[in-house]
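Here is the structure we will look at, set down as structure tokens.
No value in this document is a laboratory result; all are computed from the given coordinates. Treat the numbers as computed from the prediction; the structure is a model and nothing was measured.
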Amino acid sequence: MDRKNLVNQSIDYIMGHLDEDLSLDRLAAHFYISKFHFSRIFKEVMGVNFIDYVTRLRVEKARSLYMNTDMKIYEIAELVGYSDWHYLYSVYKKQLGHSMSKEKRRKNP
């Protein structure tokens, strides 16, 4: 399998398993390669490391769910692969520069 195909398949896998543990070890094992090799290929093809990519996807999905549903933060955290809603809240703030509640207040003054 070529590098680009490997990364495309890994992205499909990530999207289908966003609510689960998506460690580098798990993805590398799924594709039968070492985690170091997988990590290097992913970074070269995507321009971002694996963990940052997964975190960005999770935050984007959490933001969409929070802004467009009445779901509670703890429910959203579970749907995007975080068992601790406090952790999601802090990752969200770090990624986007503001809290989830502040963003919702801006949308619905």
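Assorted remarks:
- Rel. contact order, % - alpha carbon contacts under 8 angstrom, at least six apart, region 38-101: 22
- Computed over the chain, the per-residue total of -39500 (n - 2.57) for DSSP H runs of n ≥ 4 gives a 222 nm mean residue ellipticity of -22000 deg cm²/dmol, rounded to 500.
- Lysine pair count for the chain (Cα-Cα distance under 25 Å; residues 8 or more apart in sequence or on different chains): 24.
- Karplus-derived 3J(HN,Hα), 6.51/-1.76/1.60, for each residue of region 31-46, Hz, glycine and proline x: 9, 6, 9, 6, 5, 5, 5, 4, 4, 5, 4, 4, 5, 5, 6, 8
- Spatial offset of region 1-18 relative to region 87-102 amounts to 27 Å, using the alpha carbon center of each.
- Listed candidates [x] 44, 25, 21; [y] 47, 29, 24; [z] 51, 23, 19 - label of the one calculated as Cα extents along the principal axes in Å: [z]
- In the chain, Cα pairs under 8 Å separated by at least six residues give a relative contact order of 22 percent.
- A straight chain from ARG105 to LEU79 at 0.36 nm per residue would run longer than the Cα-Cα distance by 7.1 nm.
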